[in-house]
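J.: Please read through the structure below; I'll follow up with questions.
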Amino acid sequence: MTFTQTAAEFSMPLGIETVDRNDLLLFDQTYPERLSLRESLLREYPDDVVGVTNESDARIRLAVQELYNYLFQTYLLVRYPSIFKAREDNHGSATMLVNMVTRQTLPMTMADSTSLHFALRTIAQNIDEDFFILLPQKQEDNSEEVYVLEAYAACFPSGFQPKEKIGKKLADIHGPVPGYKEKLQKSMDRFFARLEPGRFVKRVNWSLTVDEELFSNFDKSKPAFEGTLKKLSVEDLDLEKTFLRCERQTLHRLPASGAIVFAFHTYLYPIREVKDDGSGEDLAQAIDGLENGSVREMFTYKNGDKWADAVREFLRS
Ligand code: HEM
């Protein structure tokens, strides 16, 4: 992950690049602790972490089933064979998966009787990645189809609540994003319409957070989230809670349902570590770029006017 993505790049068309299918999901050494955190969030905030617009919609069922089966029948067994092992039944067919980290077993195939919520929970419990499933919707005026968020399993959304986004079109989901309508909407709609099954792409989003934990988006008392964050001086910075937060986002289309899966993995780097690793100046320059880029409102959208001076002073001290 680099810190060189700036607001200038935001004005480039979408800022996406093709990624190898093998790199769709990247687990690292935080996997066991992240899964424990996911489990506790699922217990505490079940309705925030998993959402479906309509449990009995056949198109949504097909999409969730397709994603579930791709992940648990194919991808994880091949990509992470030391974590996921197939377990044979008495007749010698492999029907269950064992997660060697949690020691839990789970079905390799999503049964027709399984609820969509349950399947999405299983995904959230086993995979350190947040998933959003979007389906195309025809427009009344017969113009290009638009994509609607129909289901998600998301433990670590950054600064938004998925349950407030579900059922919405991409353009409405991005309502608060500065410059979206003018700079992104058209090319994004075109990109979504043309994304072929078998092609995987990624983009990276970064920001600084000064009062957040991984899951703090649910906690409305956090000043950044509720919009009451004051401008910070370097002395105000709580270095235990100040992180460079990066999301590695991917997109791909499921071939049978035609759904688009938007997934992201969240990385948190304490800024103290960024500085100690010798990358302080790089990050300070990336913040300069965000502030002076072509979409100045992006800087404010990311609360830059509150934290940027303090963080740069710390990084350059
Ligand atoms: C090519 C694909 C996409 C692009 C270029 C894009 C672009 C952006 C940008 C520029 C932002 C502002 C923060 C940032 O990332 O720097 C944003 C925020 C966001 N995006 Fe996307 N996005 C894409 C796909 C999606 C999809 C498929 C979803 C579906 C759920 C989504 C949901 C969101 C949400 C919920 C936010 C936060 C909005 C808020 O502040 O309420 N994005 N997106």
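J.: Can you give the relative contact order of region 7-316 as a percent, counting alpha carbon pairs under 8 Å and 6+ residues apart?
T.: Relative contact order for region 7-316 comes out at 22 percent.
J.: After finding the eigenvalues of the alpha carbon gyration tensor for the chain, what semi-axes result from the square roots of 5 times each, listed largest first in whole Å?
T.: Whole-Å semi-axes of the equivalent ellipsoid: 34, 24, 18.
J.: Just the number, please: carbon plus sulfur as a percent of the accessible area of region 7-316, 1.4 Å probe, no ligands or DNA/RNA counted.
T.: Summing carbon and sulfur atoms, their accessible area is 48 percent of the total for region 7-316.
J.: On to the next question. If one computes the Cα centroid of region 42-100 and of region 235-305, what distance in Å separates the two points?
T.: 29
J.: In debye, nearest 20: dipole of region 256-317 around its Cα centre with unit charges on the Cβ of K, R (+) and D, E (-)?
T.: With Lys and Arg at +1 and Asp and Glu at -1, about 200 debye.
J.: Residues with beta-carbon under 9 Å from that of residue 149, excluding residue 149: net charge, scoring Lys, Arg +1 and Asp, Glu -1?
T.: Neighbour charge sum, excluding residue 149 itself: +2.
J.: Could I ask something else about it? Between residue 40 and residue 172, what is 0.36 nm times their sequence separation minus the Cα-Cα distance? Round to one decimal in nm.
T.: 44.5 nm
J.: Given the whole protein assembly as supplied and a 1.4 Å probe, what does the accessible area of residue 183 come to in Å², nearest 10?
T.: 100
J.: Right, something else. Per residue, how much accessible area does the chain have with a 1.4 Å probe, in Å²?
T.: Per-residue accessible area for the chain comes out at 47 Å².
J.: Place a label point 7 angstrom from the Cα of residue 89 along the Cα-to-Cβ direction, then list the residues of region 98-131 whose backbone nitrogen is under 20 Å away.
T.: The answer is 98-99, 104-115, 119.
J.: Provide the solvent-accessible area of residue 131, counting protein heavy atoms only and rolling a 1.4 Å probe, rounded to the nearest 10 Å².
T.: Residue 131 has an accessible surface of roughly 10 Å² with all protein chains in place.
J.: Note down the accessible area of residue 203, probe 1.4 Å, to the nearest 10 Å².
T.: 80
J.: Give me the one-decimal nm value for the distance between modelled label points at residue 28 and residue 78, 7 Å along each residue's Cα-to-Cβ direction.
T.: For the pair residue 28/residue 78, the computed spacing is 2.5 nm.
J.: Same structure again: Within straight cross-link reach of residue 168, meaning Cα distance under 18 Å, which lysines are found once same-chain residues fewer than 8 apart are removed?
T.: Within the straight-line limit of under 18 Å, residue 168 reaches these lysines: 138, 181, 186.
J.: Next question. By how many nm would the segment from residue 230 to residue 285 lengthen if fully extended, with 0.36 nm per residue of separation less the alpha-carbon distance?
T.: 17.5 nm
J.: Multiply the residue gap between residue 161 and residue 182 by 0.36 nm, knock off their C-alpha separation, and tell me the result in nm, one decimal place.
T.: 5.2 nm
The values are calculated or read from the model by the stated rules, or taken from the named source; none is laboratory data. Treat the numbers as computed from the prediction; the structure is a model and nothing was measured. Heads up, the Cβs are rebuilt from the backbone with ideal geometry, glycines too, and the neighbour counts pull from every protein chain shown. With ligands, DNA and RNA removed, areas are computed over all heavy atoms of the protein, side chains included. Shrake-Rupley method; radii C 1.70, N 1.55, O 1.52, S 1.80 Å.
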